[in-house]
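Peer 1: Before I ask anything, let me first share the structure, which is written out below as structure tokens.
The values are calculated or read from the model by the stated rules, or taken from the named source; none is laboratory data. On a predicted model such as this, the values are computed, not experimentally measured, just so you know. All Cβ positions, even for glycine, are placed from backbone atoms using ideal geometry, and neighbour counts span all protein chains on display.
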């Protein structure tokens, strides 16, 4: 099939590369000429395991190409995916200006029937908005399909190539059959292709994310209770997660979620409900609790040093919002580091992939130094703070750590180490929902 993907952000780039990987001819369009020039050389501007290899391979085999020409892209694709950004507006709603702009340009440009697919995360009613926008400027035949993505950063390529399910929202049966054919190579293990109306497809994305965010947030609340009650959240997690009705996934306590999906989508869902006059208490509580959770390490640090944080030096391991990505959008590390800098602390930070994106997000700030290895960041620091659970942090050389740190204190926001091991190596150790050592 001839496929056009408009937008080469996280979703669009992964989708375009993976569609090409199974033999389709794909053009990816973006107005950022610098990005397109870089991608045309096979250089991927984001860190996502396996993605650059797929891009390079399909560029070489001429199944994948990149352009700034929206006209060329629209004329090429029989199926056109809209994968532009839908950031949060000040009121929490999803900004659909990019989607509407692209839809209007598609309508003005297309000369033959097209299937227009919304791949961006969009609120209920967007498919209808896209359809109305195109009809205002075009008499050409077309269908609008809602096809939400369910990609986890750090595992996006595998998620796309081997999806749990594919959701197709459409009222045109011909478009449904074309979409089923497109996705057939990805669901050879009989994972379901779910066909529904556009509104239900659009809502499915938001509902999935708020469900997952609620599990994380509830475990963080229980962890706070465990801390006060003298219980160990790790034991509680086992006791809860082995219940077949609940399961183990998304039950890890920590210092809150971040990234481009959960925060934005929960705010958008709240806005949708407010517009429809529906009171959604749980999503509002999730947002409130998650914001509070990001400060829990700072509270522990202030308590340990009796609020005398100014002049202290902290090593920070992990800056991305989760492992296996360089994405720092709404990362807990941003909150932790910003608060400590305000308190007069100095920071020595390291992340395997996110040093550059973190520096860009935080801006040039006095008191923060970036290091190329995790051990270099420890030198002379009064304590270590762990914000992201990268695998390389799970089995460090604790003797080496003690020799490098000026103070043998660890504030662990991801519960990477056992309490027994911390006692053995004589660290003062603070984690989430477990007794302090």
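Peer 1: Given the options 423, 402, name the one that is closer than 24 Å to residue 230 by Cα, in contact (Cβ under 8 Å) with a residue 12 or more places away in the chain and over 25 Å from the mean Cα position of the chain (by Cα). Steps first, please.
Peer 2: Values: 402 fails: closer than 24 Å to residue 230 by Cα.
None of the others qualify; the one that does is 423.
Peer 1: Residues 414, 359: which one is under 27 Å from the mean Cα position of the chain (by Cα), assigned by TED's automatic domain parsing to the domain that holds residue 330, in a helix (DSSP H, G or I) and surrounded by 13 or more Cβ atoms within 10 Å (Cβ to Cβ)?
Peer 2: Details: 414 fails: in a helix (DSSP H, G or I).
That would be 359, the only listed residue that is under 27 Å from the mean Cα position of the chain (by Cα), assigned by TED's automatic domain parsing to the domain that holds residue 330, in a helix (DSSP H, G or I) and surrounded by 13 or more Cβ atoms within 10 Å (Cβ to Cβ).
Peer 1: Just wondering, is there one or more residues in segment 355-367 that are under 18 Å from residue 304 (Cβ atoms) and either modelled with pLDDT under 95 or in contact with a strand residue (DSSP E or B) (Cβ under 7 Å, 6 or more places away or on another chain) (or both)?
Peer 2: Here is the first cut: in segment 355-367, the residues under 18 Å from residue 304 (Cβ atoms) are none.
No - not one qualifying residue is present in segment 355-367.
Peer 1: Select from segment 380-396 the residues that are touching a residue at least 60 places away in the same chain (Cβ under 8 Å) and not in a helix (DSSP H, G or I) and list them in ascending order. Give the derivation first.
Peer 2: Here is the first cut: in segment 380-396, the residues touching a residue at least 60 places away in the same chain (Cβ under 8 Å) are 380-391, 393.
Across segment 380-396, the qualifying residues are 380, 381, 382, 383, 384, 385, 386, 387, 388, 389, 390.
Peer 1: Where the second residue is in a loop (DSSP other than H, G, I, E, B) and crowded, with 16+ Cβ neighbours inside 10 Å and the first is free of Cβ contacts under 8 Å to residues at least 24 places away in the same chain and on the phi < 0 side of the Ramachandran plot and lies in segment 269-294, which pairs have Cβ atoms under 7 Å and are six or more apart or on separate chains?
Peer 2: Note: pairs meeting the criteria are 273/280.
Peer 1: Same structure again: Give the residues of segment 318-356 that are buried (at least 20 other Cβ atoms within 10 Å of the Cβ), out of contact with any helix residue (DSSP H, G or I) (no Cβ under 6 Å at 6 or more places or on another chain) and part of a helix (DSSP H, G or I), sorted by residue number.
Peer 2: Once the filter is applied, which keeps residues that are buried (at least 20 other Cβ atoms within 10 Å of the Cβ), out of contact with any helix residue (DSSP H, G or I) (no Cβ under 6 Å at 6 or more places or on another chain) and part of a helix (DSSP H, G or I), segment 318-356 yields 332, 333, 335, 337, 340.
Peer 1: Name the residues in segment 160-185 that are crowded, with 17+ Cβ neighbours inside 10 Å and over 23 Å from residue 206 (Cα atoms), would you?
Peer 2: 175, 178, 182
Peer 1: Being touching a strand residue (DSSP E or B) at 6+ places or on another chain (Cβ under 9 Å), surrounded by 19 or more Cβ atoms within 10 Å (Cβ to Cβ) and in a helix (DSSP H, G or I) narrows it down to one residue among 201, 213, 223; which is it? I'd like the intermediate steps shown before the answer.
Peer 2: Values: 213 fails: touching a strand residue (DSSP E or B) at 6+ places or on another chain (Cβ under 9 Å); 223 fails: touching a strand residue (DSSP E or B) at 6+ places or on another chain (Cβ under 9 Å).
Just a single option satisfies the conditions, and that option is 201.
Peer 1: In segment 69-99, which residue that is farther than 20 Å from residue 32 by Cα and touching a helix residue (DSSP H, G or I) at 6+ places or on another chain (Cβ under 9 Å) is surrounded by the fewest Cβ atoms within 10 Å (Cβ to Cβ)?
Peer 2: Once the filter is applied, the top-ranked residue is 91.
Peer 1: Is it true that some residue in segment 4-13 is in contact with a helix residue (DSSP H, G or I) (Cβ under 9 Å, 6 or more places away or on another chain), at pLDDT 95 or above and over 29 Å from residue 268 (Cα atoms)?
Peer 2: No, the conditions are met nowhere in segment 4-13.
Peer 1: Among what's in segment 99-143 and is under 30 Å from residue 210 (Cα atoms) and without any contact (Cβ under 8 Å) to a residue 24 or more places away in the chain, pick the residue that is farthest from the chain's Cα centre (by Cα).
Peer 2: The initial filter retains those residues of segment 99-143 that are under 30 Å from residue 210 (Cα atoms), namely 99-103, 115-133, 143.
Going one step further and asking which of them are without any contact (Cβ under 8 Å) to a residue 24 or more places away in the chain, we end up with 101, 131-132.
On the way: 101: 25, 131: 28, 132: 31 Å.
Taking the candidates together, the pick is 132.
Peer 1: A further question on this structure: For segment 45-65, what are the residues that are buried (at least 19 other Cβ atoms within 10 Å of the Cβ) and under 24 Å from the mean Cα position of the chain (by Cα)?
Peer 2: If the condition is that a residue be buried (at least 19 other Cβ atoms within 10 Å of the Cβ) and under 24 Å from the mean Cα position of the chain (by Cα), then 47, 48, 51, 54, 55 are the ones that fit.
Peer 1: Residue 248 passes all but one of (1) assigned to a helix (DSSP H, G or I); (2) more than 26 Å from residue 11 (Cα to Cα); which number fails?
Peer 2: Single failed check for residue 248: (1).
Peer 1: Residue check, residue 242 against (1) farther than 30 Å from residue 385 by Cα; (2) out of contact with any helix residue (DSSP H, G or I) (no Cβ under 6 Å at 6 or more places or on another chain); (3) in contact (Cβ under 8 Å) with a residue 40 or more places away in the chain, all met but one. Which one?
Peer 2: (3)
Peer 1: Criterion first (in the same structural domain as residue 22 (by TED's automatic domain parsing), buried (at least 19 other Cβ atoms within 10 Å of the Cβ), within 24 Å of the chain's Cα centre (by Cα) and within 24 Å of residue 114 (Cβ to Cβ)) does residue 157 satisfy it?
Peer 2: Judged against the criteria, residue 157 is not a match.
Peer 1: Taking residue 372, is it in a loop (DSSP other than H, G, I, E, B), at pLDDT below 95 and assigned by TED's automatic domain parsing to the domain that holds residue 335? Steps first, please.
Peer 2: Numbers: in a loop (DSSP other than H, G, I, E, B): yes; at pLDDT below 95: no; assigned by TED's automatic domain parsing to the domain that holds residue 335: yes.
Spelling it out, it is not the case that residue 372 is in a loop (DSSP other than H, G, I, E, B), at pLDDT below 95 and assigned by TED's automatic domain parsing to the domain that holds residue 335.
Peer 1: Quick check on my filter: what residues within segment 364-399 are under 21 Å from the mean Cα position of the chain (by Cα) and under 21 Å from residue 295 (Cα atoms)?
Peer 2: If the condition is that a residue be under 21 Å from the mean Cα position of the chain (by Cα) and under 21 Å from residue 295 (Cα atoms), then 386, 387, 388, 389, 390 are the ones that fit.
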